[in-house]
Structure formats: structure tokens, C-alpha cells
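Okay, structure first, notes after.
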Amino acid sequence: MVLLAGDLNVVEIAERTGASDYGVRTRLKELGQRLGAATSPQIVDIACRTGLLIPQRAVLKTPISVSALTSFQALAEGGTRAWIARRKKVSEGTVATHLAAVRSRMRASWNAAAVYRLHGVEPAVLRATTPPCPVCGVGEAER
């Protein structure tokens with residue numbers, strides 16, 4: 001999970017760990033199932049919200065547009081580009097542009113790494129909901 005948040009793709013994680021690409025994909029799928037996550041950005045989002053990952057603190061020098069942030073929030077919560085586009089009534093290309101803008105601002109190549117870095121931004125830019133961790137139950141008392 002840390003390597004995923006560290007801006008590495010599946011092939012790079014496999015090279016670093018000595019595992020196969022298939023093995024990494026299988027482990028990520030299993031982790032996603034345990035956390036109730038469908039995508040890598042959602043795995044990182046849940047991990048940050050439940051304290052499994054603690055991002056470094058950062059401050060944005062210039063703000064990210066609300067539209068780009070809402071697209072990224074939906075992605076972090078497990079939405080696909082097509083679903084986000086339908087929900088926001090914009091084209092998938094517009095959503096892709098929003099996601100690329102956020103990745104660029106966070107200096108991340110992959111959406112999962114951008115989610116991780118956004119969780120470190122103060123003041124918080126991602127919504128501060130804390131779902132209970134499906135693995136350990138952390139966060140249940142807050143509901």
C-alpha cells in the first residue's frame with residue numbers, strides 16, 4: 001500500500017518487491033476487497049482516512065479548482081471517469097483534464113499517489129468523512 005501511495009505503478013512495485021505483476025495485481029485486488037475498495041485511489045483514500053497511511057503534511061501555494069477537486073473526490077471514493085462525467089454532466093475528457101490537473105499540482109504520476117498527497121494538504125481539501133475500516137473497525141465510534 002505504501003508503494004502504491006509512493007507513486008509507483010504495478011510493474012514498478014513488482015520490480016521493487018521481486019513479485020510478479022500478476023502477484024501484485026492479485027494482492028491489490030485482495031486488499032481492495034478487504035477494505036471495500038474497487039480502485040487503487042480508493043484503497044489509498046480509505047487507508048488515509050482510517051490511519052493505515054499517514055501522509056506528509058503540505059500546503060498548496062495556489063488553490064485547485066473546486067470542479068477539479070470534486071472530480072478527484074469522486075475518484076477517491078471509487079468513481080470511474082465515466083460515472084463522474086455522467087454525475088457532473090460533463091464529458092469524460094473534461095473529467096480526465098480535471099484529474100490530470102490535480103495529479104500535476106500534486107506532482108504525482110498516478111491517481112493513487114495524488115490521493116495520498118491530497119490527504120496531507122492543510123487546510124484539508126478532501127471531504128473529512130471517516131468511514132469505519134472494514135478490517136479493524138477504526139472509525140466506527142465516530143459515526
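A few notes on this one:
- Cβ separations smaller than 8 Å between residues 6+ apart or across chains give the following pairs from region 69-82 residues that are touching a residue at least 12 places away in the same chain (Cβ under 8 Å) to residues that are of a type in the set (G, A, S) and in a helix (DSSP H, G or I): F72/A114; R81/A96.
- Being of a type outside the set (V, I, T), within 17 Å of W110 (Cβ to Cβ) and either at pLDDT 90 or above or touching a strand residue (DSSP E or B) at 6+ places or on another chain (Cβ under 6 Å) (or both) is true of D21.
- The criterion of at least 3 residues that are surrounded by 19 or more Cβ atoms within 10 Å (Cβ to Cβ), of a type outside the set (D, E) and in contact (Cβ under 8 Å) with a residue 24 or more places away in the chain is met by the following helices (runs of 4 or more DSSP H) wholly inside region 1-60: 40-49.
The values are calculated or read from the model by the stated rules, or taken from the named source; none is laboratory data. The structure displayed is predicted, hence computed values, not measured ones. Neighbour counts are summed over all protein chains in view; Cβ atoms, including those assigned to glycine, are modelled from backbone coordinates with ideal geometry.
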